[in-house]
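Asker: I'd like to ask some things about the structure below.
The numbers here are math on the coordinates, done by the rules we state, and not lab data. These figures come from a predicted structure and were not determined experimentally. Glycine gets a Cβ as well: all are built from the backbone with ideal geometry, and neighbour counts include every protein chain shown.
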Amino acid sequence: NLSNLSGMLGLTWHLPGYQADETPPGGALVFSLWRDPAAGTDVVRTEYLAQTLDQMRSADTLTLARPPARQGLAIPGCRAAGTRTDCSWDAFEHVVQQAIDPAFAR
């Protein structure tokens with residue numbers, strides 16, 4: 001599913017120790033919704049998270065002090081003003097709607 005979503009949205013990542021766009025066991029594609037109270041707008045932040053190879057090899061427990069590797073992702077065609085990876089909700093919705101074939105969404 002991670003490969004399907006990344007292909008659909010044009011996402012790419014490269015975590016240290018892995019090949020580009022590799023999806024190791026337990027990896028996660030995270031979409032989080034944030035509200036900018038000053039502007040009154042919502043933005044979507046997208047990240048890819050996965051344990052490092054060293055963390056897996058030594059069976060480390062992930063904690064706030066020893067978190068998984070993470071990379072913020074930019075969605076092509078989707079960017080909030082003044083940011084590298086934030087996407088306005090309206091732009092995110094548009095990009096997702098363009099990526100979905102309506103014939104298969106029923």
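Asker: Using a 7 Å offset from the Cα along the Cα-to-Cβ direction at both A105 and D90, what is the distance between the two label points in nm, to one decimal?
Answerer: Label-label distance for A105 and D90, simple model: 1.8 nm.
Asker: Rounded if a/c is under 1.5, else prolate if a/b beats b/c, else oblate: with a ≥ b ≥ c from the C-alpha gyration tensor eigenvalues square-rooted, which is the chain?
Answerer: It is oblate, given that a/c is not under 1.5 and a/b is not larger than b/c.
Asker: On to the next question. Toward the positive end of the charge dipole of the chain, about the Cα centre and with charges on Cβ (Lys, Arg +1; Asp, Glu -1), which of Y18, P102, M56 goes farthest?
Answerer: M56
Asker: Most mobile of S58, S88, S32 per a Gaussian network model of the chain (Cα springs, under 10 Å)?
Answerer: Looking only at S58, S88, S32, the biggest GNM fluctuation is shown by S58.
Asker: Right, another one. Taking square-rooted eigenvalues a ≥ b ≥ c of the alpha carbon gyration tensor, is segment 1-63 rounded, prolate or oblate, where a/c under 1.5 means rounded and, failing that, a/b exceeding b/c means prolate?
Answerer: Oblate, since a/c reaches 1.5 and b/c is not below a/b.
Asker: Still on this structure, I have one more. Rounded to the nearest 20 debye, what is the charge dipole size of the chain about its Cα centre when +1 sits on each Lys and Arg Cβ and -1 on each Asp and Glu Cβ?
Answerer: Here the size comes out at about 140 debye.
Asker: Same structure again: So which trypsin sites (Lys or Arg not before Pro) in segment 20-103 are both in a DSSP loop and have at most 15 other Cβ atoms within 10 Å of their Cβ? The partial results should precede the final answer.
Answerer: Values: sites: R35, R45, R57, R70, R79, R84; in loops: R79, R84.
Those satisfying the criteria are R84.
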